[in-house]
Amino acid sequence: DAGVTQSPTHLIKTRGQHVTLRCSPISGHKSVSWYQQVLGQGPQFIFQYYEKEERGRGNFPDRFSARQFPNYSSELNVNALLLGDSALYLCASSFGQERADTQYFGPGTRLTVL
Amino acid sequence: EDQVTQSPEALRLQEGESSSLNCSYTVSGLRGLFWYRQDPGKGPEFLFTLYSAGEEKEKERLKATLTKKESFLHITAPKPEDSATYLCAVVVAGTSYGKLTFGQGTILTVHP
C-alpha cells in the first residue's frame, strides 16, 4: 500500500520567491497536517485540514497558507520566502477527527532558501 | 504552556546494552502520546500510540509505557540499526486533533 507521498523532494529558492509543496495522503485518510522541521529540532505544527476545511493553525505568519482538495490531497504555499524558511516540510495524514488518530508522515520536502 | 521534554538529548550505547528514553509532558489534558523514529533527512516513522496512564505497547526490541506525567521508550538489547532520532509527541485536549506537539528528540547511537 502506498504511504504518504510528497513532492518535490528537494527545492531551492531565493528570498522573496513563492513556493508550493504538495502532499497525497494514504488512501482512506481524510485529514492532512503540515509541519516544519528545522535541523536539530522536533517538527512544528503549521496547519491541519479535514474534509477541505482548516481545523487547526500553528504559530506561523500569514505568508503560510494551505488548502485541501476534494481527493484529500493538499498544498502548502509559502510567500515572500525568508532565509529562515529553510527547513524540512513534512506532511502527515490520518483518518479524521473522532480522536487523536495516529498520523503517518511522508518523506518530506527539503526547502533551501538562498 | 503545553510542553514536551525528552531526555537525554543524546545516548550512546553498545550493542546489547539495554536502556530507556524519557519523555515528560506538561499539558492541560492528554488525548494521546506518540513515539516516532526518524532517520536523517527522512520523515518520522510511526512506532507507538498510547492513550491512557498504565498503557504499554511492545514491538520487537522496543516497549513504550505511559504514566500521568511521562512516557518511557525501553530498548532491549539494541542493534546498530536501531540508531536514529526518537521523537515523542502529544495531542493536547482542547486543540486540533491533528496537532502534534513534539519534543526535541533523543539521538540514539548504537555501536557494534
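The values are calculated or read from the model by the stated rules, or taken from the named source; none is laboratory data. This is a predicted model, so every value here is computed, not measured. Cβ atoms come from the backbone with ideal geometry, glycine included; neighbour counts cover every protein chain shown. SASA here: full protein model, heavy atoms, side chains in, ligands and nucleic acids out. Shrake-Rupley method; radii C 1.70, N 1.55, O 1.52, S 1.80 Å.
Give the range B:27-81 a look and list any residue that's away from chain A (no Cβ under 14 Å), open to solvent by 40 Å² or more (accessible area, probe 1.4 Å) and in a strand (DSSP E or B), or say none. The answer is B:Glu56, B:Glu58, B:Lys63, B:Glu70, B:Phe72, B:His74. For the range B:82-102, the tally of residues that are within 20 Å of B:Lys57 (Cα to Cα) and either in a strand (DSSP E or B) or within 14 Å of another protein chain (Cβ to nearest Cβ) (or both) stands at 10. Taking the range A:83-109 as the range and being at the interface with chain B (Cβ under 9 Å from one of its Cβ atoms), in a loop (DSSP other than H, G, I, E, B) and open to solvent by 30 Å² or more (accessible area, probe 1.4 Å) as the test, the residues that pass are A:Gln97, A:Glu98, A:Arg99, A:Pro107.
Taken over the range B:22-66, the criterion of being free of Cβ contacts under 8 Å to residues at least 24 places away in the same chain and charged (D, E, K, R) is satisfied by B:Lys42, B:Glu45, B:Glu55, B:Glu56, B:Lys57, B:Glu58, B:Lys59, B:Glu60, B:Arg61, B:Lys63. Scanning the range A:15-50 for residues that are open to solvent by 70 Å² or more (accessible area, probe 1.4 Å) and away from every other protein chain (no Cβ under 11 Å) yields a total of 5. Report whether or not A:Leu90 is among the aliphatic types (A, V, I, L, M) and more than 24 Å from B:Leu30 (Cβ to Cβ). The answer is no for A:Leu90.
A:Ser65 fulfils the conditions (1) free of Cβ contacts under 8 Å to residues at least 60 places away in the same chain; (2) in a strand (DSSP E or B); (3) facing another protein chain (nearest Cβ under 10 Å) except for a single criterion, (3). Considering (1) out of contact with any Phe, Trp or Tyr (no Cβ under 7 Å at 6 or more places or on another chain); (2) without any contact (Cβ under 8 Å) to a residue 60 or more places away in the chain; (3) open to solvent by 30 Å² or more (accessible area, probe 1.4 Å), the lone condition that A:Ile12 does not fulfil carries the number (2).
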